[in-house]
Amino acid sequence: MSEKPRPGPPPDPELGPYYAAAAQGRLVVQRCDACGHAQLYPRLHCTRCRSTVQWEDASGLATVYSFTVIRQHFSRPFRDMVPYVVALVDLDEGPRLMTNLVEVEPDDVRVGMRVEARFEPVGEDAALVLFAPVSR
Ligand code: ZN
């Protein structure tokens with residue numbers, strides 16, 4: 001992989017707290033005040049009961065639900081990153097995230113693999129949440 005930075009997130013007021021926490025090395029999810037449901041991407045209300053939600057720290061642990069290996073890409077900077085792994089991971093708190101897997105050879109990735117969050121700064125006040133195999 002190249003050392004060029006990945007593109008950062010577009011400005012989005014609802015996603016701001018998520019990227020700000022990531023910039024501090026924290027993965028956060030929204031938790032419903034009434035029913036306890038955890039959700040991500042962020043929304044103004046709980047998707048189950050419409051109550052208010054709060055941000056809370058997540059464990060950073062997840063399980064690979066599905067993945068694909070990108071072996072060619074026609075736009076920069078992704079062209080310089082191939083091959084790379086795009087994955088859907090299920091956080092231990094429940095939400096399913098689309099992310100990239102890092103610190104692993106694409107051929108070694110498996111469905112059901114346990115992974116943990118990594119944080120890659122993009123710009124001064126945001127970071128991307130990526131995942132790597134659990135090191136413990
Ligand atoms: Zn709820």
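With every protein chain present, what is the per residue accessible area of the chain (1.4 Å probe, Å²)?
Accessible surface, normalised per residue, equals 58 Å².
Divide, for the chain, the radius of gyration over alpha carbons by 2.2 N^0.38 Å, where N is the residue count.
1.08
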Zone residues, the stretch 10-29, relative to Arg48, backbone N less than 16 Å from point 7 Å out along Cα-to-Cβ: 29
Segment Glu103-Trp55, extension gain: residue separation times 0.36 nm, minus the distance between their alpha carbons: 14.5 nm
Calculated Rg and Dmax of the stretch 72-120 using C-alpha coordinates, Å: 12.1, 35
Rounded to 5, the percent of DSSP beta bridges in the stretch 16-133 classed as antiparallel: 95
Glu103 accessible area, assembled protein chains, probe 1.4 Å, Å²: 130
Surface share of carbon and sulfur [accessible, 1.4 angstrom probe, percent] for the chain: 51
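The values are calculated or read from the model by the stated rules, or taken from the named source; none is laboratory data. Remember, it's a predicted structure, so these values are computed and weren't measured experimentally. So basically every Cβ, Gly included, is an ideal-geometry build from the backbone, and we count neighbours across all protein chains shown. Protein only, heavy atoms only, side chains kept; ligands, DNA and RNA dropped before computing areas. Shrake-Rupley method; radii C 1.70, N 1.55, O 1.52, S 1.80 Å.
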